[in-house]
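None of the figures in this text is laboratory data; all of them are computed from the coordinates on show. These numbers were taken from a predicted model, which means no experiment stands behind them. Cβ: placed from backbone, ideal geometry, glycine included. Neighbour counts: every protein chain shown.
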Amino acid sequence: MAAHDQSNGDSKLANGETTYFATNPRPASLDEHISSLAPFIADHVRKHSRVALVTSGGTTVPLENQTVRFIDNFSAGTRGATSAEYFLENGYAVIFLHRQFSLLPYSRHFSHSTNCFLDYMTTSSTGEVVIDGEYQAQMASVLQKYERAKREKMLLLLPFTSVNEYLWHLREIAMLMRPLGANGLFYLAAAVSDFFIPAERMVEHKIQSSEDFAHANHGTTSSTAQEERSPAAHMDGAKLVIDLDPVPKFLKQLVDVWSPKSMIVSFKLETDPSILAEKSRYALKKYSHDLVIGNMLNTRKHEVLFVSAAGGDQWIRVPTARRSKSVTAATMSEVRQATEMPLEIESLIVPEVARLHSEIISNGRSR
Ligand code: 9Z3
């Protein structure tokens, strides 16, 4: 089932972008996800709420159709899960499109941490399992916010794993969000692979590493011999050779075709500080969207660069004394100075994004 108009302006698009959805399989989970997305969005259209699609976590690139091995992109999901909480605090409804088993809003405070969830609990004198006194206040505060988001139907969680699942969901959600008009916001924090194996070049079964079983390594599952291209991952003697195709650039489609009235925010991740600003400006110019948030792998938890057509370049930084001690780039003297309660950088990023969104809603914009 396609929940959108197929006359989606494909004529404007480059070749890889037009063929992608015709040649890569629609995920089995999509229809079920649409059945919860459609009423969620309709409810918020009726209420004139602002709705943020927050993407979060890394996308995998499977090497085999029945996947045993895959390539992954770095991301724990901290940026997305934390930002989702601040969007909710700022009055947004949130669609949280996340890598399965990555961090989630609210539960992130108690999972994937140094503590196991059982460490937050204890047994009372009557044998009941209760929250340990040390964690009562923090857990009560998080629980109240979580219950409110659920009660008021403000948060929808949708998982993906592979880059193909991510792209199909992004397109479908973008088209479903069109009726929100300028109240829609895309906050694309997921770490999306730039390379992938197209379905037509994917082998069906686990690649056999032993030369004694090389006969079990067949070609692709492509339907006709004529169509068949060499498998993207294959054994060459004892070596595994992987030959990836570029992922078509979907940000252009999102901006121009799928959801042109929404505010669109992308993230740019770099490791070399000398190119961050230039690459962020390049992305903004290339895709003509509203905002690029540049961040460095090592400093992403305490500084980001906002690059927008309206506001130029602007660094947002957590003051040294409020930085979390776990930031890898912090020096020992910075760590010693961090005496006040740590401040999450998303508590600074999200209100600024919401402010820019308000400007777009009231003044409109010309892309
Ligand atoms: C980011 O830059 C995110 O902020 C992080 C968050 C992945 C660094 P964590 O989840 O990390 O807190 O551990 N996302 C990168 C988004 C991305 O892949 N952007 C593409 C690109 O840079 C274009 S949309 O080319």
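Annotations
- Between region 230-255 and region 152-182, the Cα center-to-center distance that results, in Å: 25 Å
- The base-10 log of I(q)/I(0) for region 41-173, evaluated at q = 0.15, 0.16, 0.18, 0.22 Å⁻¹, reads -0.83, -0.90, -1.03, -1.27 [Debye formula, identical scatterers on Cα atoms, solvent excluded].
- Taking other Cβ atoms within 10 Å as a rough exposure proxy, V353, V142 sort from fewest to most as V142, V353.
- Prolate/oblate/rounded label for region 22-72 (Cα gyration tensor, a/c 1.5): prolate
- Structure remark: mean-square fluctuation, Gaussian network model of the chain, C-alpha springs under 10 Å; the largest value among T23, T82, T123 belongs to T123.
- Between S358 and A216, the contour length at 0.36 nm per residue exceeds the alpha carbon distance by 45.3 nm.
- Region 115-274: relative contact order as a whole-number percent, Cα under 8 Å and 6+ apart: 24 percent
- Spin-label pair R151/K279, simplified geometry with 7 Å Cα→Cβ offset, distance in nm: 4.4 nm
- Which of F110, F74, F87 has the fewest Cβ neighbours within 10 Å, and the rest in rising order: F74, F110, F87
- Spacing of the two label points (7 Å from each Cα toward its C-beta) at T19 and V241, in nm: 2.2 nm
- Our summary gives the chain a relative contact order of 17 percent, counting only alpha carbon pairs under 8 angstrom and 6 or more residues apart.
- The alpha carbon convex hull volume per residue for the chain rounds to 193 Å³.
- Here r is the Cβ-Cβ distance between N65 and L297 and R0 is 35 Å; the resulting FRET efficiency, rounded to 0.05, is 0.65.
- When exposed loop sites are taken as GluC sites (Glu not before Pro) in a DSSP loop with at most 16 other Cβ atoms within 10 Å, the longest stretch of the chain clear of them is 1-127.
- A straight chain from S107 to Q208 at 0.36 nm per residue would run longer than the Cα-Cα distance by 32.4 nm.
- Of the trypsin sites (Lys or Arg not before Pro) in region 141-225, those whose Cβ has at most 16 other Cβ within 10 Å and which sit in DSSP loop: K153, K206
- Packing-based exposure ordering (other Cβ within 10 Å, fewest first) of L251, L240: L240, L251
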